[in-house]
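Here is the structure we will look at.
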Amino acid sequence: MRLPAADAVLATLRAIVSAPTAPYHEARALAAIVERLEGGAIDVTLDAYGQVHARIARGDARPVALLAHTDHPAFEVVSGHGREGIARVLGGFGGDVLDVPVAVQVYDDHGGGPFTGTIDRFVPDLDTVHNSAGRVRIRADVDLAAGQWAVVDLPALEVDGDELRMRAADDLAGCALIVSALLELAHASFPLDVTGVFTRAEETGLYGARLVAEEGSIPREAIVISVEASRALPHAAAGKGIVVRAGDLHNTFTNDAERYLRAAAERLEREGIPTQRALLDGGTCEASTFVVHGWATTAIAVPNVNYHNRGSDDRFAPEVVRLGDLRSGIALIVEAVRAIADEAREAWWAHAGPVPDEIKGLLRS
C-alpha cells in the first residue's frame, strides 16, 4: 500500500484539466482522458452518447464502476450578430456572480478557439432542462454564432506546493483521480473488474449518469462509486484527505458499497494516509442516480474550495483542491478494490457479530 507518485498524478491532472469543457461540449476533455488511458494500455470504448468506458478485468471479482463527469458550468451561444450575441448559462453559475463583466474564452466544436470575449448584462430566465439561471450578453473578437460556447477565463492549472488552483476541478479533477487509479490498478496482482465511466452533461441534469443507469451500461451487481470535487465544508475541509461521502443533498448512499471504502480507509490509516467521512449536502452527485435505480452505491469527494468558481468575494475565482487529497483518493480507490476482492470487513464488525456465551449467561441471570 502506498501513495501514488506526486509527479505522475500532476501530469495526469494537468493533461485533463487543461481541456476546456462545458455541458454538451466535452469532446476536448474526453479526448484528453482517452489519451492518458490508452497511454497506459487500458481498453477504452464509447457508448452511444460519446461517454468513455475504460475497463480493467483480471480474475473473478465483483464489478466496480467508478464515475466522474467531464463537464463544468459554462456558457453556450444561442444567437450571434457579428461580434455580439446572447449566451445562456449552462449549469450551476448563479446570476449574482454575473452582475459585473466577466472575461471568457470562446470555443466551437470544430476545433476553433480560444477567442477572447466578455459576458455581462445577466437576465434571469430560468430553464430547468439545462439548469440555467438565465442569459447574458456575450461579445468577442470574432463573429459569434449559435453553438459556440465559452468558459470563464481562469488558469487551467496553477501549482503552489500542495495547493492546486484550476478553472474546473469539478469534475475534471475527479476524472483525473479515476484515470490515475486505473493506471495504478493496471499493475495490481489481485482479482478485479473495474470500469471507469466518464459521463457528460452532469451539470445540467445528471444526464450522462442517468443514461448509463437507464440503459444498464454497467452490471446490476456492480458497486458504483461516484467521484466528485465537491464543495469543501467545515466538517470536510481541504487538506485533510479524501472524503468518504455518506450522502448528498437528497440521498444517503448504500452501506453495502460504502463498507468497502471504510475498510480501505482503516488500512490507509494504519499507513498514516488520511481520509475523512462526511455527509456532504452542498449539492447532488451522480451517486444519487444509481441509488434511485437500485445499485449498491457510494461516493468519494475531493474537498473543493471556491466550488463552481465562486470566490470568497462572490466573484469568479479558480477552484482549489489539494494534491494530498487527490493522492489519498487514488490510494483509497485502489485499496477499496482490493478490499472487495478480499471481501474485507471493518474492525468494528466484530462487535456486531455473535454475542459471547458469557454475556448471554449474564443477561439471562
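None of the figures in this text is laboratory data; all of them are computed from the coordinates on show. These numbers come from a predicted model, not from an experiment. Every residue, glycine as well, gets a Cβ built from its backbone with ideal geometry; the counts of neighbours run over all protein chains shown.
Assorted remarks:
- Cα long-axis angle, helix 27-39 against the chain (0 to 90 degrees, to the nearest 10): 40
- Sequence of Y307, Y107 once ranked by neighbouring C-beta atoms within 10 Å, starting from the fewest: Y307, Y107
- Note on the chain: with a GNM built from Cα contacts shorter than 10 Å, the maximum mean-square fluctuation among R135, R270, R55 falls on R270.
- Inter-probe distance in nm under a simple model that places probes 7 Å from Cα toward Cβ, at D342 and E269: 1.5
- Pair D43, D7: separation of 7 Å Cα→Cβ label points (nm): 3.3
- Dipole magnitude for region 43-100: computed about the Cα centre from +1 point charges on Lys and Arg Cβ and -1 point charges on Asp and Glu Cβ, it is near 260 debye.
- A convex hull fitted around the alpha carbon atoms of region 244-355 yields 127 Å³ per residue.
- Per-residue HN-Hα couplings for region 55-63 [Karplus 6.51, -1.76, 1.60; θ = phi - 60°; Hz; x = Gly/Pro]: 10, 10, 9, 8, x, 9, 8, 5, x
- In the chain, Cα pairs under 8 Å separated by at least six residues give a relative contact order of 21 percent.
- For region 179-302, the fraction of C-alpha pairs farther apart than 17 angstrom is 59 percent.
- This model, with +1 at the C-beta of Lys and Arg and -1 at the C-beta of Asp and Glu, gives the chain a dipole about its Cα centre of some 540 debye.
- Other-chain or far-sequence residues with amide H under 5 Å of A299's (modelled H): S226, R245
- Amide hydrogen proximity for H69: with H placed 1.01 Å from N in the peptide plane, the residues at 5 or more positions away or on another chain lying under 5 Å are T199.
- The residues D313, D248, D171, D153, when put in order of fewest to most other Cβ atoms within 10 Å, stand as D313, D153, D248, D171.
- Counting every other Cβ atom within 10 Å of each residue's Cβ, R259, R139 order from fewest to most as R139, R259.
- Considering helices alone, the calculated mean residue ellipticity of the chain at 222 nm is -8500 deg cm²/dmol, with DSSP H runs of length four and up weighted by -39500 (n - 2.57) and normalised per residue.
- Å³ per residue enclosed by the Cα convex hull of the chain: 151
- The chain: most fluctuating residue of A146, A65, A201 per GNM, C-alpha cutoff 10 Å: A146
- Percent breakdown of C-alpha pair distances by 10 Å bin, ordered from the shortest bin, for region 65-135: 18, 50, 27, 5, 1
- Rounded tilt (10° steps) of 6-17 against the dominant C-alpha axis of the chain: 40
- The DSSP beta bridges internal to the chain are antiparallel in roughly 70% of cases.
- Dividing the radius of gyration of the alpha carbons in region 120-193 by their Kirkwood radius gives 1.16 for Rg/Rh.
- Label sites at V100 and H187, each approximated as a point 7 angstrom past Cα along Cα to Cβ, lie 4.8 nm apart.
- Karplus-derived 3J(HN,Hα), 6.51/-1.76/1.60, for each residue of region 355-360, Hz, glycine and proline x: 7, x, 4, 4, 6, 4
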